[in-house]
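S.K.: First the structure, which I've put down as structure tokens, then a few questions once you've had a look.
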Amino acid sequence: MDKWLKNDLEFIWHPYTQMKDCGRFPPILIKRAKGIKLYDSQGNFYYDTISSWWCNVHGHNHPQIKAAIKKQLDSLEHVLFAGFTHTPAILLARKLISISPGKLTKVFFSDNGSTSVEVALKMSFQYWRNIGEIKKTKFVTLDYGYHGDTIGTMSVSGVGLFNQVFSPLFFPSFRVPSPYCYRCPMDKSRSCAQGRDKDETPCDIDCIASLENLLEQKSETISAIILEPMVMAAGGMIVYPKEYLLKAANLAKKFNVHLILDEVATGFGRTAKMFACEYVNNVAPDFLCLSKGLTAGYLPLAATLTTDKIYKAFYADYKEKKTFYHGHTYTANPLSCSAALASLEVFKEEKTLNEIKKIIPLFHCGMEKFRDLPLVGDVRYIGLIGAIELVKDKLTKKRFAFEERIGLEVYKRGLKKNLILRPLGNIIYLFLPLCIKRNELQDALDRTYAVIKSLT
Ligand SMILES: Cc1ncc(COP(=O)(O)O)c(C=O)c1O
């Protein structure tokens, strides 16, 4: 074994990894990257088909983003953000407000996706305290939702393999059935996800009834609803109808509970819009959580955007004890803010959102081809995110058992075909950098097809 890998296994505990597997199947030592390709120490390349955990946007080694970080490094690498500020953060906050939906006017920075959600949860909770509505303490989430790995964010996520062991630590939340059309909670047979059953009329989003009933009964105890707009990402890249989002947003308004939109995964063009919530006109979240693609995947940064209404409930004389006491050491790191500003500039200069529109039909068409393969139960996609749900039996939709590790098998075969098909259980997905070129996309699709076909 390579000496670096020996050292890795001696000293490092990797995330989301059963380290015992690493003896037989060690991590891949990546030396460099360019565009959508990663290169390992043996000179092999891999298509970064999952955007380096959903954060790379414009490709690796982008000259403009690198230059911005280097330039910032020459003047200020970091400073505490309480009592001090800096221009990269000010410029970025202004820019984020200008491109965000609804009535968001204030930016609270932090440093990763989970913290951006923690901030939203805590702000929502404290808002109600600050205005004297102390009974509003609970959160509502979807049972396939995922919002992070901290105790707070796990408490408002669905409960499954990732977090079950910690469930005794969670604070209580309400979980409602997800709009998971392939496995419809209302037992309807049609899929209302796009690209499927086009002739059928869309369902009436009957699954929203659980949320509505809950709000009717409990809204005076509920602080906020938290949702990933359009795609429940870690829950299985579950693309859901925009009507659900619209109805949920309207219910939040009607029942006087906050709407937290978690765009940590879906933000920054992944779904073909800058923010996935733009699929619904005039959506107005109380909180918008951003991270991952915010810096195009170059440096850690997160932001929680909120409204003047929320902000004003905290704006008071010090002795009133309405201050939001929350912060992280690397909050609004200047290098990260510079990377984020450069990324937004690249969006403009390279017309990224227009350019991806030209290749998305090719992607969606390519995804449709998987549908006929024997082990493929469902195919779903939006923008440059596409997922294939593998099943043991197409007719009954029976899942592969956990022990069968079908996802791992796909992952291994994917690597041999220069792909990173890191699965979510039985769900294999592509989460593509927005800079992918037509020929790369076709090649990645062909290779993925060969991998899935080989399973049969
Ligand atoms: C929707 C969503 N929210 C929050 C998070 C947590 O982000 P992080 O891993 O940066 O803490 C993730 C991570 O995958 C996510 O997909």
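Just so you know, all these numbers are worked out from the coordinates, no wet-lab data involved. All values derive from a computational prediction rather than experimental measurement. Virtual Cβ from ideal backbone geometry, glycine too; neighbours counted across all protein chains shown.
S.K.: Once amide H atoms are built 1.01 Å from N in the peptide plane, which residues 5 or more positions from L421, or in another chain, come under 5 Å H to H?
M.R.: Answer set, sorted by chain and number: L415.
S.K.: Between beta-carbons, use under 10 Å as the cut-off and find the net charge around N112, counting Lys and Arg +1, Asp and Glu -1.
M.R.: On the way: positive: K292; negative: D111, E118, D149.
Its environment carries a net charge of -2.
S.K.: Separate question: Please report the relative contact order for segment 68-349, taking Cα pairs under 8 Å with a sequence separation of at least 6, and give it as a percent rounded to a whole number.
M.R.: Taking the mean separation of contacting Cα pairs over the length of segment 68-349, I get 29 percent.
S.K.: If you take the charge dipole of the chain about its Cα centre, with +1 on Lys and Arg Cβ and -1 on Asp and Glu Cβ, which of L301, Y449, F45 is farthest toward its positive end?
M.R.: Towards the positive end, the residue furthest out is F45.
S.K.: Calculate the tail of P(r) for segment 297-403: the fraction of all Cα-Cα distances greater than 24 Å, expressed in %.
M.R.: On the way: 3449 of 5671 pairs.
Here the long-distance tail beyond 24 Å is 61 percent of all Cα pairs in segment 297-403.
S.K.: Computed FRET efficiency, Cβ-Cβ of Q217 and D372, R0 41 Å: what is it to the nearest 0.05?
M.R.: Computed FRET efficiency for Q217 and D372: 0.35.
S.K.: Moving to a separate point now. Can you work out ³J(HN,Hα) from phi for every residue in segment 318-330, in order, using Karplus 6.51 cos²θ - 1.76 cosθ + 1.60 and θ = phi - 60°, giving whole Hz and x for Gly and Pro?
M.R.: Working through the residues one at a time gives 3, 5, 6, 6, 9, 4, 8, 8, 7, x, 10, 3, 8 Hz.
S.K.: Given a cut-off of 39 Å, what percent of all Cα-Cα pairs of the chain lie beyond it?
M.R.: 20
S.K.: Name the trypsin sites (Lys or Arg not before Pro) in segment 1-101 that are in a loop by DSSP and that have at most 11 other C-beta atoms within 10 Å, would you?
M.R.: When the trypsin sites (Lys or Arg not before Pro) of segment 1-101 are filtered for loop state and at most 11 Cβ neighbours within 10 Å, R24 remain.
S.K.: When DSSP beta bridges are limited to those with both residues in the chain, what percentage is antiparallel, rounded to the nearest 5?
M.R.: Given both bridge residues lie in the chain, the antiparallel proportion sits at roughly 70 percent.
S.K.: Note down, for segment 283-336, the three equivalent ellipsoid semi-axes (square root of 5 times each alpha carbon gyration tensor eigenvalue), biggest first, whole angstrom.
M.R.: Values: eigenvalues 135, 54, 8 Å².
Semi-axis lengths for segment 283-336 are 26, 16, 6 Å.
S.K.: In segment 279-304, which residues have a backbone nitrogen under 18 Å from the label point lying 7 Å from Q64's Cα in the Cα-to-Cβ direction?
M.R.: 293-299
S.K.: If you don't mind, there's one more thing I want to ask. Per q in 0.10, 0.16 Å⁻¹, report the Debye log10 I(q)/I(0) for segment 1-124, using one uniform scatterer on each alpha carbon and no solvent.
M.R.: For the requested q values the scattering log ratios are -0.54, -1.12.
S.K.: Kirkwood Rh over Cα pairs of segment 47-118 into Stokes-Einstein at 37 °C, 0.692 mPa s: D in µm²/s?
M.R.: 220
S.K.: For segment 146-159, in order, what is each residue's ³J(HN,Hα) by Karplus, 6.51 cos²θ - 1.76 cosθ + 1.60 with θ = phi - 60°, in whole Hz (x at glycine and Pro)?
M.R.: 9, 9, x, 10, 7, 4, x, 6, 5, 5, 10, 10, x, 10
S.K.: Semi-axes, largest first, in whole Å: what does sqrt of 5 times each Cα gyration tensor eigenvalue give for segment 401-456? Let's see the in-between values first.
M.R.: Values: eigenvalues 94, 29, 13 Å².
Rounded to whole Å, the semi-axes are 22, 12, 8.
S.K.: 7 Å from Cα along Cα→Cβ at both K34 and F314: what's the point-to-point distance in nm?
M.R.: My value for the distance between the label points is 4.5 nm.
S.K.: Would you compute, from DSSP H runs of 4+ residues alone, the mean residue ellipticity of the chain at 222 nm, taking -39500 (n - 2.57) per run and dividing by the full residue count, rounded to the nearest 500?
M.R.: Theoretical 222 nm ellipticity from helices: -10000 deg cm²/dmol.
S.K.: By how many nm would the segment from I151 to C365 lengthen if fully extended, with 0.36 nm per residue of separation less the alpha-carbon distance? All intermediate terms of the calculation are to be shown ahead of the outcome.
M.R.: Details: separation 214, 0.36 × 214 = 77.04 nm, distance 3.99 nm.
Result for the pair: 73.1 nm of gain on full extension.
S.K.: Nothing charged except the Cβ atoms of Lys and Arg (+1) and of Asp and Glu (-1): what's the magnitude of the dipole of segment 68-349 about its Cα centre? Round to the nearest 20 debye.
M.R.: With Lys and Arg at +1 and Asp and Glu at -1, about 520 debye.
S.K.: Taking the DSSP beta bridges in segment 197-294 as the whole, what percent of them are antiparallel, to the nearest 5?
M.R.: The answer is about 20 percent antiparallel.
S.K.: Residues with beta-carbon under 10 Å from that of D308, excluding D308: net charge, scoring Lys, Arg +1 and Asp, Glu -1?
M.R.: +4
S.K.: Report the local net charge at V264: Lys and Arg +1, Asp and Glu -1, summed over other residues whose C-beta lies under 15 Å from its C-beta.
M.R.: Net charge in that neighbourhood comes out at -4.
S.K.: Name the residues whose placed amide hydrogens come within less than 5 Å of the amide hydrogen of Y144, ignoring near sequence neighbours (fewer than 5 apart) on the same chain.
M.R.: S178
S.K.: If exposed GluC sites (Glu not before Pro) are those in a DSSP loop with at most 15 other Cβ within 10 Å, what is the longest stretch of the chain that has none?
M.R.: Numbers: sites that count: E77, E133, E200, E350.
It works out to 201-349.
S.K.: Right, next: For segment 175-317, state the semi-axes of the equivalent ellipsoid (square roots of 5 times the eigenvalues of the alpha-carbon gyration tensor), sorted largest first and rounded to whole angstrom.
M.R.: Numbers: eigenvalues 143, 93, 28 Å².
For segment 175-317, the semi-axes come out at 27, 22, 12 Å.
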